[in-house]
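Report on one structure; see the data block that follows.
The values are calculated or read from the model by the stated rules, or taken from the named source; none is laboratory data. Predicted, not measured: the structure shown is a model, and the values here were computed from it. Cβ placement follows ideal geometry from the backbone for every residue including glycine, while neighbour counts extend to all protein chains displayed.
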Amino acid sequence: MVLSGIWHGYGWNFLIWGALHGTALALLNTGDRYFGRDALCRLKYLAPLSWLITFHFVCLTFVVFNTANPDDAGAVFSALFANAGGWNAPQRADMLLLASFASVMLLYPYLQRAFDGAVKGLEKSRCGCGLSPFPPSCC
């Protein structure tokens, strides 16, 4: 993967980017050998964790890919991870809004399944006879 980084261009950033991706692939292959392929994805609640880790790894390595020198990369990382000034009220509101949207997106499949199950349960029970536009003969 280091060669892949050098293929993208001539500079320290491309070399480090390729080395980071090569290291990640080596760790992934080692994990596959010891735990089996897609070990995290077999546990349905941990599959989103593997997606989250991959997404953040790729995003953080693109910081290295797009900066011209190590000082610029350090400045970007310190701006990302060091919240020296704290959050003011509008920033807190924005983060709360983003967190609520993310929660809804993550919970939607589970809520949809629960709602479908509840509707099917009501349709089968005597209580649900009135919910159907064409009630069965049992009503």
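The residues listed here are 15, 3, 27; of these, the one that is modelled with pLDDT of 85 or more and within 30 Å of residue 73 (Cα to Cα) is 27. Taken over region 63-100, the residue count meeting the criterion of being of a type in the set (A, V, I, L, M, F, W, C) and touching a residue at least 40 places away in the same chain (Cβ under 8 Å) is 4. Criterion applied to 43, 60, 52 was being closer than 30 Å to residue 107 by Cβ, at pLDDT below 75 and within 24 Å of the chain's Cα centre (by Cα), and the one residue passing it is 43.
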